[in-house]
1. Which members of the stretch 83-141 meet the condition of being of a type in the set (S, T, Y), over 16 Å from the mean Cα position of the chain (by Cα) and either exposed (fewer than 12 other Cβ atoms within 10 Å of the Cβ) or assigned to a helix (DSSP H, G or I) (or both)?
2. Please name all residue pairs, on different chains or six or more residues apart, with Cβ atoms under 9 Å, provided the first residue is in the stretch 113-141 and is on the phi > 0 side of the Ramachandran plot and free of Cβ contacts under 8 Å to residues at least 60 places away in the same chain and the second residue is surrounded by 13 or more Cβ atoms within 10 Å (Cβ to Cβ) and of a type in the set (F, W, Y).
3. With the condition kept exactly as written, say whether any residue in the stretch 31-42 is β-branched (V, I, T), modelled with pLDDT under 85 and touching a helix residue (DSSP H, G or I) at 6+ places or on another chain (Cβ under 7 Å).
4. Tally the residues that are touching a residue at least 40 places away in the same chain (Cβ under 8 Å) and open to solvent by 20 Å² or more (accessible area, probe 1.4 Å), restricting the search to the stretch 55-80.
5. Kindly indicate whether G45 is under 21 Å from N6 (Cα atoms) and open to solvent by 40 Å² or more (accessible area, probe 1.4 Å).
6. Restricted to the stretch 10-30, and to residues that are closer than 22 Å to E134 by Cβ and open to solvent by less than 60 Å² (accessible area, probe 1.4 Å), which residue is modelled with the highest pLDDT?
7. Does the stretch 66-80 contain any residue that is under 27 Å from E5 (Cβ atoms) and either part of a strand (DSSP E or B) or of a type outside the set (S, T, N, Q) (or both)?
8. Considering the stretch 48-68 alone, what residues qualify as being touching a helix residue (DSSP H, G or I) at 6+ places or on another chain (Cβ under 8 Å) and not small (G, A, S)?
Amino acid sequence: EFIEENDYIDTFNVLVPEGNGCSPLGAGIPTPVLGTTFVIEPHEGSADTFLTVGKFKTKYEAEALHKYIKTKFLRVLVGAKKVTQHNPKSTWVCVPLQDFSKKSDINWKASLANIDKQLYKKYSLTDEEVSFIETNVKEME
């Protein structure tokens with residue numbers, strides 16, 4: 001009676017905390033922007049304290065999205081729109097969609113630092129922009 005039907009229950013997904021307190025970008029303290037994220041398998045779920053992201057048939061794609069969410073590139077774009085601890089859909093509006101399949105132009109098996117470098121190059125970020133991101137966004141494991 002506590003479980004609601006949803007479109008995500010039969011797929012691999014990534015859980016992102018619905019809220020996460022952090023310092024604002026550029027405040028001189030590297031910020032995580034988002035809290036700890038998780039990959040969940042089909043027939044697993046969560047409480048409303050997490051947002052469900054993605055809807056994948058394969059674990060590879062869910063793990064690729066999970067890595068993307070943990071990149072400094074994605075988190076600076078979310079941080080630019082995040083004005084409270086909450087993570088509503090509107091905070092993700094600047095984040096470009098990616099191909100998470102094995103055919104992607106991004107090597108999702110690479111380290112987070114290497115994926116960030118691939119994304120910086122893909123989106124033609126300047127040295128100044130990369131420096132801002134590397135200085136102001138905390139690494140995630």
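1. T84, Y123, S124, T126, S131, T135
2. As it stands, the answer is none, since no pair meets every condition given.
3. Yes, the stretch 31-42 has at least one match.
4. So the answer is 12.
5. Yes, satisfied.
6. So the residue we want is N20.
7. So far as the stretch 66-80 goes, yes, one or more of its residues are under 27 Å from E5 (Cβ atoms) and either part of a strand (DSSP E or B) or of a type outside the set (S, T, N, Q) (or both).
8. Residues satisfying the conditions are V53, F56, K67, Y68.
The values are calculated or read from the model by the stated rules, or taken from the named source; none is laboratory data. Worth saying up front: this structure is predicted, and the values here are computed from it rather than measured. In this analysis, Cβ positions are derived from the backbone assuming ideal geometry, glycine residues included, and neighbour counts consider all displayed protein chains. Quick note on the areas: whole protein, heavy atoms, side chains included, nothing else; ligands and nucleic acids left out. Shrake-Rupley method; radii C 1.70, N 1.55, O 1.52, S 1.80 Å.
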